[in-house]
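Engineer: Sending over a structure as structure tokens; questions will come in a sec.
What follows is calculated from the coordinates using simple rules that are stated; it is not laboratory data. Please read these numbers as outputs of a predicted model, since none were measured by experiment. When we count neighbours, we look across all protein chains shown, and the Cβ atoms used for this are built from the backbone with ideal geometry, even at glycine.
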Amino acid sequence: MHRLAIALLHDEDLARDIVQDVFARLLEEKSGIAVTGGYLLTAVRNRSLNHIRNCGIHQRIATRYFLDIEEYNSEDWPDEETIGRIYSLIRNDVSPRSREVLELRFSEGMPFALIAKRMGISETAVYRHMSHALTIIRKKLNENG
């Protein structure tokens, strides 16, 4: 469960908190639900996706792109040059499906569920497209300084 949360969130501490929250909620509710491994994995996945959905766009980009940059200052970012480079990378280096996911999520502010429905794919596929695109952008920006 912890590995699943890390894969979705890219943050070990947050993943640990999500897993702990799932168990705490099960203990608090005391419902008659049969708790299986599949149920726990689904609960962790859903809780992780809810967290991603509820984060602000700026926070998600900052978390994904600036994982290794300690001198990040939110007041100084993004400058016009960086924005231009990001748009160029999206146009030239990101697959059309991933580009569509980014556009729907960041430009139109659509939630994962609505993007998935509109594109005819699962919410997990939406997250994977977004994660892949952001990985490409982060890698290319780090290569170019």
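Engineer: Working only with C-alpha atoms, what are the Rg and Dmax values of the stretch 83-145, expressed in angstrom?
Structural biologist: Expressed in Å, the Cα Rg and Dmax of the stretch 83-145 come to 11.8, 37.
Engineer: When Val19, Val101 are ordered from fewest to most other Cβ atoms inside 10 Å of their Cβ, what list results?
Structural biologist: Ascending Cβ contact count within 10 Å gives the list Val19, Val101.
Engineer: Are there GluC sites (Glu not before Pro) in the stretch 83-145 that DSSP puts in a loop and that have at most 14 other Cβ atoms within 10 Å, and which ones?
Structural biologist: Glu108
Engineer: Order of Phe106, Phe112 from fewest to most other C-beta atoms within 10 Å?
Structural biologist: The most exposed by this proxy come first: Phe106, Phe112.
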